[in-house]
Ligand SMILES: Cc1ncc(C[n+]2csc(CCOP(=O)(O)OP(=O)(O)O)c2C)c(N)n1
């Protein structure tokens, strides 16, 4: 099991941000803001928290991870490549026709990537899948945990709350949902589009344990997930506060970066703010 120390985790999350910027500059299309905001969450999950074996993605004892908000996949692709699920060089194929890194994720058995178990992109479905998976594992007396990542705007989907009610009712305590609470969604701030507060009270009313943390702080996020693993009798939701576009000054906390890539000048600027790391870039640009 690979576990990086805290300084390496921080450096890896910066590298993953650099990867996301370069991938988007090459594809000239895709989502910048959400993926950049989640670099710490994905680094922590894949380099510290998840019980996984990249050499054997279908390992029977693995923790399951589902990305319900599929548009966030650039950060997932970069993390999976850094964790050696597939070659780093393939990151330059984001959104290319016939490639495995489509604009929304596809699983290995449908020509997608190893480590991906659910096609997503249509918002609202992942929590239902995760709850069913966790229930099935419990029925089989398996110790595996199930994690699912949801966007906060995604919580506007009614199916999320059907799944929340079901998981709460069945006391599915091998399930941890993470909400990317960046207060931004495609059309604006979440409070303007559809008020979610009081969000903690809502999840509690559906019989969930609720934890909150700073999702851009690796130590806080890891200790919160570890706390969630100990909670019994109910599913756990972690409301992880993040900033959309975190790490890039002109994208930070701005919903307009939800679904657009940086152009060359903006990409150069972003990379100058994210200094190179010891892990190295997957591609060098000939500016
Ligand atoms: C069922 C469905 N409806 C609408 C969309 C279009 N859509 C894509 S992303 C998005 C906003 C999601 O907001 P959030 O989950 O907060 O993601 P973030 O903006 O933080 O990346 C919407 C409405 C979709 N993908 N699926």
Shape metrics for region 109-194, restricted to C-alpha atoms - Rg then Dmax, Å: 14.2, 44
Zone of residue 84's modelled label, taken as backbone nitrogen in region 1-21 under 12 Å from a point 7 Å along Cα→Cβ: 1-3
At 0.36 nm per residue, minus the direct Cα-Cα distance, what do residue 110 and residue 204 gain on full extension? Give it in nm, one decimal, please. 30.1 nm
For region 70-134 (alpha-carbon point model, no solvent) the Debye-based log₁₀ I(q)/I(0) at q = 0.11, 0.12, 0.17, 0.24 Å⁻¹ works out to -0.24, -0.29, -0.57, -1.04
I need to check one value: relative contact order of the chain, counting alpha carbon pairs closer than 8 Å and at least 6 residues apart, in percent. 25 percent
Can you compute the helix-only [θ] at 222 nm over the chain? Use -39500 (n - 2.57) per DSSP H run of at least 4 residues, normalise by all residues, nearest 500 deg cm²/dmol. -10500 deg cm²/dmol
Which residues in region 249-263 place their backbone N less than 17 Å from a point set 7 Å from the Cα of residue 283 along the Cα-to-Cβ direction? 261-263
Cut-off 15 Å, label point 7 angstrom out along Cα-to-Cβ of residue 171: give me the residues of region 136-150 whose amide nitrogen falls inside. 138-139
Output the 0 to 90 degree angle, nearest 10, between the alpha-carbon long axis of helix 264-273 and the longest principal axis computed from the alpha carbons of the chain. 70 degrees
Provide Rg and Dmax in Å for the chain, with only Cα atoms included in the calculation. 17.7, 56
Against the rule of thumb 2.2 N^0.38 Å, how large the Cα Rg of region 26-133 comes out: 1.00
Taking Cα atoms, how many degrees apart are the long axis of helix 73-82 and the longest axis of the chain, rounded to 10 and kept between 0 and 90? 80 degrees
What's the extension gain from residue 60 to residue 28 if we count 0.36 nm per residue and subtract their Cα-Cα distance? 7.7 nm
Quick one: length gained pulling residue 197 to residue 140 fully straight, 0.36 nm per residue minus the C-alpha distance? 16.9 nm
With a Förster radius of 35 Å, plug the Cβ-Cβ distance of residue 231 and residue 6 into 1/(1 + (r/R0)^6) and report the FRET value to the nearest 0.05. 0.90
Neighbour-count ranking [beta-carbon atoms within 10 angstrom, fewest first] of 286, 63: 286, 63
Between helix 158-169 and the chain: long-axis angle, C-alpha atoms, 0 to 90°, nearest 10: 50 degrees
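Readers should treat all values here as calculations from the given coordinates under stated rules, not as data from a laboratory. In this text, all values refer to a predicted model and were calculated from it rather than measured experimentally. Cβ coordinates were reconstructed from backbone atoms using ideal geometry, including for glycine residues, and neighbour counts include every protein chain displayed.
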